[in-house]
Amino acid sequence: MSGKVFLVGAGPGDPELITVRGLRVLREADVVVYDRLVHPALVDEAPAGAERVYAGKHPGGLRTSQEQIVQVLVDRARRGLRVVRLKGGDPFVFGRGGEEVEALREAGVPYEVVPGVTAAVAVPAAAQIPVTHRERASAFAVVTGHACEASPGVDWSALVRVPTLVVLMGLRRLPQVVDQLLAAGAEPDTPVAMVARGTLPDQRVVVATLGTVVEDVQRAGLQPPATLVVGRVVQLAREAGAWGPTGFAAGRA
Ligand SMILES: C[S@@+](CC[C@H](N)C(=O)[O-])C[C@H]1O[C@@H](n2cnc3c(N)ncnc32)[C@H](O)[C@@H]1O
């Protein structure tokens, strides 16, 4: 008897932003393997008797290796169990979901992908920044701040020509990201916003320009996870957290 692995997107933060299908399979899981950015309330949605496996990085400690994660997925599915691999945002956006699917295929384990609401779009939205806009932005691109070191092949001069640029994992490497954009020809007065802990009650938004953002973000003391948005659409940002205690969360029935 073979079980099945469900790669489920947990959404950008607020536990209510998982999909209906994601929540349904989670509530029927025998095993949940979850990442660091998954809200604890979602892990609680699994049946009380389900096995819970943390697959994130322990602060200051070791990351569970991809091999170990895949091993757990394959092993439990081969025992006939329903395994939910719960990943922040969408499983296929900078989430290594593609690699996990390849490994499951190789192992001959049945799987299903349940897409999620990606932080790349939802976190700007939570700060009331639309990534496209009829008059301000006809396209958007999503890149990781890690690209500065890990993928030196990223074409920043192409990216600066995209009207809206969303940078994930960019808080720690913000100075390098800004340097790359300015070196590629971006104007220092380009509007930017850094949105930290988007969609969560303690969401914070810093609106600045490319020229000032490093200092402004440092002064504000923002903590990860945070998403950077670059482009004219940022002029629509609300600095007060739309999802914060006085916003969306408070207004929810
Ligand atoms: C490893 S990537 C995974 C992205 C995920 N697969 C997705 O589709 O949203 C994690 C990055 O997403 C962004 N992110 C995730 N949750 C966020 C949140 N609640 N607020 C702001 N940024 C967030 C941050 O840039 C963080 O470093």
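The values are calculated or read from the model by the stated rules, or taken from the named source; none is laboratory data. No experiment lies behind these values; they were computed from the predicted model shown. Neighbour counts are summed over all protein chains in view; Cβ atoms, including those assigned to glycine, are modelled from backbone coordinates with ideal geometry.
Some values worked out for this structure:
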| read-out | value |
| --- | --- |
| Residue in region 134-144 that is among the small types (Gly, Ala, Ser) and in a helix (DSSP H, G or I) present | no |
| Subset tally (residues that are without any contact (Cβ under 8 Å) to a residue 24 or more places away in the chain and not in a loop (DSSP other than H, G, I, E, B)) for region 172-208 | 2 |
| Of residues in region 59-99 being of a type in the set (A, V, I, L, M) and within 12 Å of the ligand (Cβ to nearest atom), the one farthest from residue 124 (Cα to Cα) | 86 |
| The listed residue being at pLDDT below 95 and surrounded by 15 or more Cβ atoms within 10 Å (Cβ to Cβ), out of 170, 231, 251, 153 | 170 |
| Condition met for residue 103 (more than 19 Å from residue 230 (Cβ to Cβ), touching a helix residue (DSSP H, G or I) at 6+ places or on another chain (Cβ under 6 Å) and of a type in the set (A, V, I, L, M)) | yes |
| Unique match (being buried (at least 23 other Cβ atoms within 10 Å of the Cβ), touching a residue at least 40 places away in the same chain (Cβ under 8 Å) and hydroxyl-bearing (Ser, Thr, Tyr)) among 164, 144 | 164 |
| Flag if residue 127 is in contact with a strand residue (DSSP E or B) (Cβ under 9 Å, 6 or more places away or on another chain) and either within 12 Å of the ligand (Cβ to nearest atom) or outside the structural domain of residue 145 (by TED's automatic domain parsing) (or both) | yes |
| Any chance residue 121 is modelled with pLDDT of 95 or more, within 16 Å of the ligand (Cβ to nearest atom) and out of contact with any Pro (no Cβ under 7 Å at 6 or more places or on another chain) | yes |
| Residues of region 4-14 classified as of a type outside the set (Gly, Ala, Ser) and in contact with an Asp or Glu (Cβ under 8 Å, 6 or more places away or on another chain), total | 4 |
| Single residue of 75, 35 found to be within 15 Å of residue 101 (Cα to Cα) and either touching a strand residue (DSSP E or B) at 6+ places or on another chain (Cβ under 9 Å) or not basic (Lys, Arg) (or both) | 75 |
| Positions within region 209-234 being free of Cβ contacts under 8 Å to residues at least 12 places away in the same chain and within 22 Å of residue 159 (Cα to Cα), in sequence order | 212 |
| Residues located in region 141-200, provided they are in contact with a Phe, Trp or Tyr (Cβ under 7 Å, 6 or more places away or on another chain), closer than 27 Å to residue 96 by Cβ and either more than 14 Å from the ligand (Cβ to nearest atom) or among the polar types (S, T, N, Q) (or both) | 144, 162, 164, 180, 181, 199 |
